[in-house]
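Have a look at the structure below, then the notes.
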Amino acid sequence: MTAKDRPDTIANPWSVRVVAAQIPETGLHRDIEADDAARVALAKIAGLRAIESARASFDLTPGRDNSVHVRGRVSARVGQTCVVSLDPIESDIVEDIDLVFVPESQVRELADTVNNNDDNDAGRDIPDALEPIVNGVIDLGRLATDALFLGIDPYPRKPDAVFAPPASVADPEDHPFAGLKALKIDPNSPRGKKPVQD
């Protein structure tokens, strides 16, 4: 996989940027919704028939060390194809988000602190996974897109869809290996493996 193929470098059609330094101490609530153009582009990237709706609600709370705690929920309705019947179906996606963002320069430092488990930092509340604040910005649209894509069922099926195996062959002699029955092993052959025809 090349750098241009990585999901984090693909241009995101649903982008809603929040400047971390402008989040008030009391926190910030944002409701976002993808427009028609963004939904069409997202459906193409995800390989879906359509994305009928995509919206998200976020609460951003600034913390110590310039961190931002982001909690939220993403909900979407997507058009897929049943893997059994190949009929079009709609699926609802609901994904919760609970992440801590820190400036890029602090991600490695805090990750090393967690890995080293220093005694000096034993009392600090450091989450296991940290997300970077890139260039001072948190992209809520990108966050919602990632959650939406993770929530897609890779094998969608209609509730009443039943897989019916192909009908069995009526004549037991009518199968691809029926011709091998005519070959027999010659017991007098020095190798005992030479097929002979009747």
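The values are calculated or read from the model by the stated rules, or taken from the named source; none is laboratory data. None of the values given here were measured: they were computed from a predicted structure. Please note: Cβ atoms are built from the backbone with ideal geometry, for glycine as well, and neighbour counts cover all protein chains shown. All accessible areas refer to the heavy atoms of the entire protein, side chains included, with ligands and DNA or RNA removed. Shrake-Rupley method; radii C 1.70, N 1.55, O 1.52, S 1.80 Å.
Odds and ends about this structure:
- Only one of V74, V68, V19 that is surrounded by 15 or more Cβ atoms within 10 Å (Cβ to Cβ) and more than 20 Å from the chain's Cα centre (by Cα): V68
- Candidates in region 21-66 are the residues that are part of a loop (DSSP other than H, G, I, E, B) and among the small types (G, A, S); of these, the one that is nearest to S91 (Cα to Cα) is G47.
- When restricted to residues that are at pLDDT below 75 and either buried (at least 16 other Cβ atoms within 10 Å of the Cβ) or assigned to a helix (DSSP H, G or I) (or both), region 102-148 contains 12.
- Residue in region 82-96 that is of a type outside the set (D, E), in a strand (DSSP E or B), touching a Pro at 6+ places or on another chain (Cβ under 8 Å) and open to solvent by less than 90 Å² (accessible area, probe 1.4 Å) present: yes
- Residue check, R157 among the basic types (K, R), at pLDDT 55 or above and assigned to a loop (DSSP other than H, G, I, E, B): yes
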